[in-house]
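Shown below is the structure under consideration.
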Amino acid sequence: MRFGVLVFPGSNCDVDAYHAVRDVLGHDAEYVWHRAADLGRFDCVILPGGFSYGDYLRPGAIARFSPVMRAVGEFAAAGGLVLGICNGFQILCEAGLLPGALRRNDDLTFHCEMVHLRVENDRTPFTRECGAGRVLAIPIAHGDGNYYVDPDTLARMEARGQIVFRYCTPDGRVEPEANPNGSVGNVAGVCNERGNVLGMMPHPERAVEALLGSADGLCLFHSLLAAGAGALT
């Protein structure tokens, strides 16, 4: 399976994503500069975390106009797998590829810590190897991770299975104290209606080696590999 890792001015987690795919999983990965116009050679495109364009205006607001985002839209429309992590999630929301918006954390504090996520939907290409209800330990590092949609949109997303991850306690309870940023409904990750575009604030690419505190992020990448293998057969 071949992964494209986008690089915007200010990206700083592109190396982490590249390492997870190429060095840990042993699959092909290629950095893709933000001026690229074609993503057709990839099976999955990753929009990594960081501070694209310095987060000026608001996170993702400028990166959304990078030339590569037209290609991302075309790639997603053709059924390609797109994973947006942290700033990548913010960019996907700004580009209209995912519903909602990411606002400042409700305590106005940058959070860099390990959190727990509950898998709400294990029927996506990103979670099929994770299992519904499984609790994952995944790190976060963000100041603008407060996900918001209006109540009606949230209800529709719930009904369609678009809520993929929720912040939870270590034993899987979705409680206010487990929510690090104030996200509506403890939402930590969502997908589009088709299920081939996922955005999440936590960093699974930083949880692929037990030496670093958790290897729980591997289930997402194993899911992608299984989805890619299925598409090729």
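Would you mind ranking SER52, SER66 by Cβ crowding within 10 Å, fewest neighbours first?
SER66, SER52
About the Cα centre of segment 98-233, what is the dipole size in debye to 20, counting +1 per Lys and Arg Cβ and -1 per Asp and Glu Cβ, all else neutral?
Values: 12 positive and 17 negative charges, 77 e Å.
For this selection, approximately 380 debye.
Give me the number: length gained by fully extending ALA226 to ARG194, i.e. 0.36 nm times residue separation minus the C-alpha to C-alpha distance, one decimal in nm. Present the calculation step by step, with values, prior to reporting the outcome.
Details: separation 32, 0.36 × 32 = 11.52 nm, distance 1.76 nm.
Computed gain between ALA226 and ARG194 is 9.8 nm.
Report, in deg cm²/dmol and to the nearest 500, the calculated mean residue ellipticity at 222 nm for the chain, where each DSSP H run with n ≥ 4 adds -39500 (n - 2.57) and the sum is divided by the residue count.
On the way: 5 runs with 49 residues, N = 233.
Helix contribution divided over all residues of the chain: -6000 deg cm²/dmol.
Among GLY49, GLY100, GLY189, whose mean-square fluctuation peaks in a Gaussian network model of the chain (Cα, cutoff 10 Å)?
Evaluated over the chain, the most mobile residue of the options is GLY100.
Where in the chain are the DSSP H helices whose C-alpha atoms run 18 Å or more along the long axis and whose mean Kyte hydropathy is at least 0.5?
Values: long enough: 218-232 (21 Å, 1.78).
Within the chain the helices that satisfy the rule are 218-232.
Which Cys in the chain stand alone, with every other cysteine's Cβ at 4.7 Å or more from theirs?
Flagged as lacking a Cys partner: CYS13, CYS44, CYS86, CYS93, CYS112, CYS168, CYS191.
Using R₀ = 41 Å, calculate the FRET efficiency as 1/(1 + (r/R₀)^6) where r is the Cβ-Cβ separation of ALA77 and HIS111; round to 0.05.
Details: r = 34 Å, r/R0 = 0.82.
About 0.75, to the nearest 0.05.
Sketch the reach of a paramagnetic label on ALA37 as a point 7 Å from Cα along Cα-to-Cβ, and name the residues of segment 49-75 whose backbone nitrogen lies under 20 Å away.
Backbone N within reach: 63-75.
5 Å is the cut-off here: which amide hydrogens, built 1.01 Å from N in the peptide plane, fall below it relative to GLY84, excluding neighbours closer than 5 in sequence?
The answer is LEU47, LEU198, GLY199, MET200.
I've got another one for you. Amide H neighbours of CYS168 under 5 Å, at least 5 residues apart or on other chains, H built in the peptide plane: list them.
HIS116, LEU117, ARG118
Throughout, read-outs are computed from the coordinates displayed, never taken from laboratory work. Note that the structure is a prediction, hence the values are computed from the model and not measured. Every residue, glycine as well, gets a Cβ built from its backbone with ideal geometry; the counts of neighbours run over all protein chains shown.
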